[in-house]
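**Student:** For reference, the structure I am asking about is given below.
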């Protein structure tokens, strides 16, 4: 058993334990393995243990791995979880399955226009700067409903939910409270009735805080270090 495979099993156990503690079905939380800075060989090791969803922060690096693993493309799901600049939208639209980091209408419009017609719709999460961090990407919470309404109308895109990366919290209770803010925005948007289909994805929680995120309602945790090791 490789280190990556054993690490994957430990992370899955953490997710299961956190779900049980929160009174949730473990199948309600998906694991996104964040493979940034690790090569295609590391991704292949994770694939050998059944992992199929991978997250990449750096677009060019992600595209290289997608192409290196093209033989398995139909069984893999590639998520762009880093900032997307206007000059990179075509690469994202042509190669990725999900984008978690949309925070401007312009970026969503470009992704919509550049998504190839032969591919399924690009799955979109809006990134919310839930705690107002000055150096972080993301929408202000009070801007999120309007952008969700606009993105949901664009062709070739499917609005799935929200993503947030709050600042590290001092303890579990504080971390739960931070993640609960994003869950509240998610619930408010769905309750507003402005979307053709309700959102179903909360992309919250990483290696250090996945338990708190699951307690708050996360449906997808983005885990890199606990699987692949330190960078």
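**Student:** Most fluctuating residue of 160, 73, 149 in a GNM of the chain with Cα springs under 10 Å: which is it?
**Tutor:** 73
**Student:** May I pose another question? Over the chain, what relative contact order in percent results from Cα pairs under 8 Å that are six or more residues apart?
**Tutor:** Computed over the chain, the figure is 21 percent.
**Student:** If you don't mind, another one. Taking the beta-carbon count within 10 Å as an exposure proxy, list 19, 125, 80 from fewest neighbours to most.
**Tutor:** Arranged by neighbour count, lowest to highest, 19, 125, 80 become 19, 125, 80.
**Student:** Something else now. Roughly how many nanometres apart are two label points built 7 Å out from the Cα toward the Cβ at residue 105 and residue 134?
**Tutor:** In this crude label model, residue 105 to residue 134 measures out at 2.9 nm.
**Student:** Neighbouring Cβ atoms within 10 Å as the yardstick, rank 27, 6, 137, 74 fewest first.
**Tutor:** 74, 27, 6, 137
**Student:** Place a point 7 Å from Cα of residue 60 in the direction of its Cβ. Which residues in the stretch 93-127 have their backbone N less than 20 Å from it?
**Tutor:** Within reach of a label on residue 60, which here means backbone N under 20 Å from a point 7 Å along Cα→Cβ, the stretch 93-127 contributes 93-96.
**Student:** Say each of residue 171 and residue 27 gets a label point 7 Å from the Cα, pointing the same way as Cα to Cβ; how far apart are those two points in nm?
**Tutor:** 3.7
Every number in this text was worked out from the coordinates using simple rules, so none of it is lab data. Since the structure is predicted, the reported quantities are computational estimates derived from the model, not experimental observations. All Cβ positions, glycine included, derive from the backbone under ideal geometry; neighbour counts span all protein chains shown.
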